[in-house]
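Each remark here refers to the structure printed beneath this line.
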Amino acid sequence: MEIRPFRVLFVLNASGGGASQGIYELLDSVSKEQLEAYVVVPDSPNANQVKRLDQLCRFWMRVPSTWWNKKSHNSWKEKLIYLLKSNIRTFFGLIPTYRIWRLIKKHNIDIVYTGTSLNREGALAARHRGIPHIWHIKETIGPRGRVQFPKGELKLSQYILKHSQRVVVMTEYIKSFFHAKCQDNPKLQVVYDGIDASKFQDPGCGQTLRSKLGLRDSDILVAMVASLSSSWKKHHLFVEMARVLKDQSCNLKYVLFGPLPKKHQSRIYNRPWEYYQTLMDLLKGHPVSEDFIWAGFHENIPELMDAIDILVHPCDIEPFGRIAIEAQAAGTVVVGPDKGGISESVVPGKTGFLVKAGDVSAFGQAVKELSQNSSLRQQLGYQGQQHVRNTFKQSQHNSLILDIFNDITETLTK
């Protein structure tokens with residue numbers, strides 16, 4: 001009997017971003033004889049994303065979705081306007097659910113795999129079609145989490161588990177946001193993202209980028225890599241750290257990598273621009289502004305990581321922090337907080353430094369120590385490479401995901 005590959009429909013929260021990147025790399029490294037991929041994205045992918053989707057999957061389609069999480073940082077008026085717009089556009093989520101349902105039927109999909117907690121159309125369509133659903137939670141959820149929903153902690157946890165044959169979470173940190181009564185549910189499984197470390201083994205590939213940024217060989221590049229549309233990444237701590245360090249070292253340069261927000265006509269969608277302006281204001285009139293670079297988006301991650309000497313990621317509510325394992329794979333030292341997902345990927349004193357969350361002076365002290373000791377940076381960088389190769393291998397991640405597919409299909413055929 002011929003065994004055909006799993007036909008999996010991946011429902012993403014965006015065409016780009018870290019959450020989708022993990023799925024793209026899974027598809028890039030798994031044989032098409034094992035996995036036949038179909039993808040649904042809610043937005044319009046750019047030219048590079050279209051090319052990648054065409055290469056990685058058999059079929060992909062844009063299906064605008066309705067995020068079911070609460071807009072907790074908006075005023076009640078803004079929430080109401082957003083709710084009306086999104087629900088009218090998708091008829092309260094029924095249109096995207098139906099379109100995904102039709103896609104499942106047309107292509108005889110075996111499993112629906114939703115790569116985010118932010119939409120539930122994939123879960124609902126799979127349930128109505130009577131096929132397995134996997135929910136991959138990549139955010140901190142619930143009343144205590146960054147992403148909140150119109151359900152309490154227990155009901156939310158039960159809802160996600162009820163609508164899934166398996167719930168995959170990226171870290172123990174994310175798992176901790178599920179209600180205590182659900183922590184031991186056999187459906188709930190921690191699977192760390194993996195990367196192909198071989199893509200980061202090209203020493204010197206970042207020199208071109210350093211030249212574009214106007215850096216000298218003697219300059220030590222301290223960087224943060226995070227979208228400026230995500231204020232929860234806490235860029236302001238990075239900027240404040242740069243201000244503190246200005247008088248302590250003359251050869252440090254600071255770079256923020258990430259797309260620069262554009263001003264939007266509607267206030268509802270203009271928060272990223274306003275946040276960017278507050279960061280700019282922190283630098284106005286300060287001497288460190290001469291050493292600070294807004295580098296924008298840079299697509300070549302291995303090149304970017306090779307150009308950096310020290311990666312600082314101050315976000316203590318980071319669900320996973322893929323950027324930290326990418327930096328370590330390139331031999332770049334990471335300074336992060338002792339809380340959140342970053343604390344599970346950095347080994348303190350061995351592959352980088354973990355300091356007290358939110359403590360600007362502690363971050364500054366760690367960067368100062370590393371900037372003054374090149375041999376220490378080299379040692380931690382080398383150990384970081386070994387750590388990623390052993391703990392965050394793409395092949396290991398793939399095996400765990402494929403095992404989940406196998407377990408689900410075997411259970412259903414018994």
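Where a number appears in this text, it was derived from the coordinates with a stated rule and is not lab data. Please read all numbers here as calculations on a predicted model, not as lab measurements. Counting neighbours? That spans all protein chains shown, and the Cβs are built from the backbone with ideal geometry, glycine included.
Taking other Cβ within 10 Å of each residue's Cβ, how do Val239, Val190 sort, fewest first? Kindly include the intermediate steps, with their values, before the conclusion.
Values: Val239 24, Val190 14.
The fewest-first ordering by Cβ neighbours comes to Val190, Val239.
For the chain, with a Gaussian network of springs between Cα atoms less than 10 Å apart, report the residue from Asp196, Asp309, Asp28 with the top mean-square fluctuation.
Of the options given, Asp28 has the highest mean-square fluctuation.
What residues have an amide H closer than 5 Å to that of Phe353, excluding those fewer than 5 places away on the same chain, when H is modeled at 1.01 Å from N in the peptide plane?
Distant-sequence amide H within range of Phe353: Val334, Val335, Gly336.
For the range 197-391, rounded, prolate or oblate, judged on the Cα gyration tensor with a ≥ b ≥ c (square roots of eigenvalues), a/c < 1.5 rounded, else prolate if a/b > b/c?
Values: a/c = 1.43, a/b = 1.34, b/c = 1.07.
Rounded, since a/c falls under 1.5.
Just going by the charge dipole of the range 266-414, with Lys and Arg at +1 and Asp and Glu at -1 on Cβ, which of Trp273, Gly341, Leu311 is farthest out on the positive end?
Gly341
Set the Förster radius R0 to 30 Å, insert the Cβ-Cβ distance between His128 and Arg58 as r into 1/(1 + (r/R0)^6), and round the FRET efficiency to 0.05.
Values: r = 23 Å, r/R0 = 0.76.
FRET efficiency, His128 to Arg58: 0.85.
Treating only the Cβ atoms of Lys and Arg (+1) and Asp and Glu (-1) as charged, compute the dipole magnitude of the chain about its Cα centre; round to the nearest 20 debye. Write down the numbers at each step before the final one.
Numbers: 53 positive and 39 negative charges, 399 e Å.
Approximately 1920 debye in magnitude.
Which of the peptides 391-398, 310-317 is most tightly packed, and how do the rest follow, judged by the mean count of other Cβ atoms within 10 Å per residue? Write out the running numbers ahead of the final one.
On the way: 391-398: 17.1, 310-317: 24.0.
Highest mean packing first, the order is 310-317, 391-398.
To the nearest 0.05, what FRET efficiency results for Glu410 and Gln21 with a Förster distance of 35 Å applied to their C-beta separation?
Rounded to the nearest 0.05, the efficiency is 0.75.
Quick check: net charge around Asp306, other residues with Cβ under 13 Å of its Cβ, Lys/Arg +1 and Asp/Glu -1? All intermediate terms of the calculation are to be shown ahead of the outcome.
Numbers: positive: Lys199, Arg210; negative: Asp202, Glu303, Asp309, Glu326.
Combined, the nearby Lys, Arg, Asp and Glu give -2.
Sequence neighbours fewer than 8 away in the same chain don't count; with that in mind, list the aspartates and glutamates whose C-alpha is under 14 Å from Lys175.
Within the straight-line limit of under 14 Å, Lys175 reaches these aspartates and glutamates: Glu139, Glu153, Asp184, Glu318, Glu344.
How do 148-157, 46-55 rank on mean C-beta neighbours within 10 Å, highest first?
Numbers: 148-157: 16.7, 46-55: 13.2.
Those peptides, ordered most packed to least, come out 148-157, 46-55.
Once every DSSP H run of n ≥ 4 in the chain is given -39500 (n - 2.57) and the sum is divided by its residues, what mean residue ellipticity at 222 nm do you get, rounded to the nearest 500 deg cm²/dmol?
Working: 16 runs with 172 residues, N = 414.
So the calculated ellipticity at 222 nm is -12500 deg cm²/dmol.
Using per-residue counts of other Cβ atoms within 10 Å, averaged over each peptide, order 280-293, 12-25 from highest down. Walk me through the numbers before you get to the answer.
Values: 280-293: 13.7, 12-25: 20.5.
Put in order of decreasing packing, that is 12-25, 280-293.
Within 13 Å, Cβ to Cβ, of Val8, how many net charges do the neighbouring residues add up to if Lys/Arg are +1 and Asp/Glu are -1? Present the calculation step by step, with values, prior to reporting the outcome.
Numbers: positive: Arg4, Arg7, Lys32, Arg58, Arg166; negative: Glu36, Asp110.
Taking every Cβ under 13 Å from that of Val8, the sum is +3.
Taking the Cα-to-Cβ direction at Lys339 and at Arg144 and moving 7 Å from each Cα, how far apart do the two end points lie in nm?
Between Lys339 and Arg144, the label points sit 1.1 nm apart.
What does the charge add up to near Ala180, with Lys and Arg as +1, Asp and Glu as -1, over the other residues with Cβ less than 13 Å from its Cβ? All intermediate terms of the calculation are to be shown ahead of the outcome.
Details: positive: Arg144, Lys175, Lys181; negative: Glu153, Asp184.
Summing Lys/Arg as +1 and Asp/Glu as -1 gives +1.
For Lys199, go through the aspartates and glutamates and keep the ones whose alpha-carbon is under 19 Å away, minus same-chain ones fewer than eight residues off.
Within the straight-line limit of under 19 Å, Lys199 reaches these aspartates and glutamates: Glu25, Asp28, Glu299, Glu303, Asp306, Asp309, Glu326.
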